[in-house]
Amino acid sequence: MASQQLQAIIQAIRSQPNLHGAPVEQRRAVMEAATQFFPVPDDVTREPVDAGGVTAEWIAAPGAAPERVIYYLHGGGYVIGSINSHRQMVSHLSRAAGARALAIDYRLAPENPFPAAVEDATAAYRWLLSTGVDPARTVIAGDSAGGGLTVATLVALRDAGDPLPAAAVRLSPWVDLEGLGESMTSKADLDPMIRPDEVLEGAKAYLGGADPRTPLAAPLYADLTGLPPLLIHVGSSEVLLDDSTRLAERAKAAGVDVNLDVWDDMIHAFQFFAAMLSEGQQAIDRIGEFIREHTGAARGAVPEAAA
C-alpha cells in the first residue's frame with residue numbers, strides 16, 4: 001500500500017489541470033513554473049557554460065570532487081524540460097555521489113525533432129572530455145526521455161569510437177516510442193505523472209516522421225553490446241515500467257552488467273520528490289553509491305548533509 005507521503009503527492013498531482021493537447025509553449029511554462037516547489041539548496045554552486053555549442057551548467061554540492069562527473073540529460077518527453085526544471089534533482093545527485101554534475105539543455109521537439117537531441121548530447125559529451133575530464137570517472141545519467149537519450153548517446157558514441165563513460169544511470173527510461181509495453185495500459189490508472197496519450201503525442205513530435213523503431217530514437221531496438229554498467233530505477237506503478245524491464249532484458253542479453261531496481265508502489269520519476277518522499281531520498285542515496293563505486297570514490301567517503 002502506498003505511504004501517506006506518496007498518497008499526498010499523487011493527490012496533489014491529480015489536482016492539477018490536464019494539459020493534454022495544450023500548446024507545447026504552455027506545457028513548458030507550467031513545468032518551469034513548478035520549479036518554485038523544488039528549490040535548490042543555497043549551498044549548491046552553479047556555473048553556466050557553453051558545452052560545444054550546447055547550453056549547459058555545472059552543478060555542484062559541497063564536497064563534490066571535481067574529477068568525478070555526472071553528465072545529466074533531463075526528461076520531459078523530448079518536448080519540455082530544461083536544466084532549470086531538473087536543477088534540484090541534479091543537485092541531489094551531486095550531493096549523494098560527491099561528484100559535480102554537468103546538465104545540458106538539448107534542443108527540443110517539435111521545433112527540433114530527432115536526431116537533434118542525440119546530436120547535442122554527443123557534442124556536449126565530447127566537449128566535456130575535451131576539458132580534461134576522464135571518461136573512467138564519469139557517469140551518464142538521465143530520467144524518462146533523458147533516460148532513453150542516455151542509451152542513444154552511448155550507442156552513438158560507441159559507434160563513433162569515442163571513449164565511453166564508466167557507467168550509466170537511467171531513471172524510468174523511455175525507450176519504446178510506440179508504447180507497446182503492457183504497463184502502458186495496466187498502470188495508466190496508477191501513475192499520475194504521465195498519460196499514455198501524452199507519451200504517444202510526444203513520440204510523434206520527436207520523431208518528426210522518422211521510423212519509430214529507429215535505434216537512436218527508440219533505443220529499445222539498438223544494439224547494446226559493449227555499453228558500460230547500467231543502473232535502472234523504476235516504480236512498480238509506472239506507465240513506463242515495461243520500458244525499463246525490456247531494456248534491462250535486452251542489455252543483459254547483450255552482455256551488459258545491469259542492475260534493475262523496481263520500487264514498490266512508486267510512480268514515474270519519484271526521485272523528484274526526494275525532499276518529501278522517503279523512498280525518493282533512498283533512491284537518490286542508492287544512485288549516489290552506484291556512481292561513487294564506478295567513478296573511483298574513496299572507500300568510506302560519505303556525502304555531506306544538505307544545508
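Throughout, read-outs are computed from the coordinates displayed, never taken from laboratory work. Just so we're clear, the structure is a prediction, and the values are computed from it rather than from any experiment. As a convention, Cβ positions derive from the backbone with ideal geometry for all residues, glycine included, and neighbour counts pool all protein chains shown.
Please identify, among Gly181, Gly296, Gly161, the residue showing maximal mean-square fluctuation in a Gaussian network model of the chain using a 10 angstrom Cα cutoff.
Gly161
Suppose each label sits 7 Å from its Cα in the direction of the beta carbon; what would the Gln16-Glu111 distance come out to in nanometres?
Placing both labels 7 Å beyond Cα along the Cβ direction yields 2.1 nm.
With an 8 Å Cα cut-off and a minimum separation of 6 or more residues, compute the relative contact order for segment 36-294 in percent. List each step's numbers first, then the result.
On the way: 586 pairs, mean separation 48.4, N = 259.
Value for segment 36-294: 19 percent.
Hey, in the GNM for the chain with a 10 angstrom Cα cutoff, which one of Ala116, Ala97, Ala218 fluctuates hardest?
Ala116
Okay, which of segment 252-275 sit inside 18 Å, backbone N to the point 7 Å along the Cα-Cβ direction of Gln5?
Inside the label zone: 262-275.
Only one of the listed values, [x] 0.91; [y] 1.33; [z] 1.08, was derived from the coordinates as Cα Rg over 2.2 N^0.38 Å; which label is it?
Answer label, from the structure shown: [x].
Can you give the extra length, in nm with one decimal, that the chain gains between Asp285 and Lys252 once fully stretched, where that is 0.36 nm per residue apart less the Cα-Cα distance? Present the calculation step by step, with values, prior to reporting the outcome.
On the way: separation 33, 0.36 × 33 = 11.88 nm, distance 2.42 nm.
So the extension gain works out to 9.5 nm.
Under the rule a/c < 1.5 gives rounded, and otherwise a/b versus b/c splits prolate from oblate, where does segment 92-247 land using the Cα gyration tensor? Mind dumping the intermediate values first?
Details: a/c = 1.81, a/b = 1.41, b/c = 1.29.
Here segment 92-247 falls in the prolate category.
Based on DSSP, what percent of beta bridges with both residues in the chain are antiparallel, to the nearest 5?
Details: 12 of 38 bridges.
Bridges in the chain are about 30 percent antiparallel.
Would you order Tyr221, Tyr71, Tyr125 from fewest to most other beta-carbon atoms within 10 Å of each residue's own beta-carbon?
On the way: Tyr221 17, Tyr71 26, Tyr125 29.
The order, fewest Cβ neighbours first, is Tyr221, Tyr71, Tyr125.
Given the -39500 (n - 2.57) contribution per DSSP H run of 4+ residues, what per-residue ellipticity at 222 nm results for the chain, rounded to the nearest 500 deg cm²/dmol? Before the final figure, lay out each step's value.
Numbers: 9 runs with 113 residues, N = 307.
It comes out at -11500 deg cm²/dmol, rounded to the nearest 500.
Using a 10 Å Cβ count of at most 15 others and DSSP loop calls, identify the longest part of the chain lacking such GluC sites (Glu not before Pro). Present the calculation step by step, with values, prior to reporting the outcome.
On the way: sites that count: Glu111, Glu178, Glu182, Glu304.
Here the longest run is 183-303.
Spelling out what I want: for every residue of segment 53-64, take phi, set θ = phi - 60°, compute 6.51 cos²θ - 1.76 cosθ + 1.60 (Karplus), and round to whole Hz; glycine and proline get x.
Here the 3J(HN,Hα) series is x, 10, 4, 8, 8, 7, 10, 9, 7, x, x, 5 Hz.
Write down, largest first, the equivalent ellipsoid semi-axes of segment 158-220 in whole Å, where each equals the square root of 5 times an eigenvalue of the alpha-carbon gyration tensor.
Values: eigenvalues 130, 55, 17 Å².
Working from the Cα gyration tensor, I get semi-axes of 25, 17, 9 Å.
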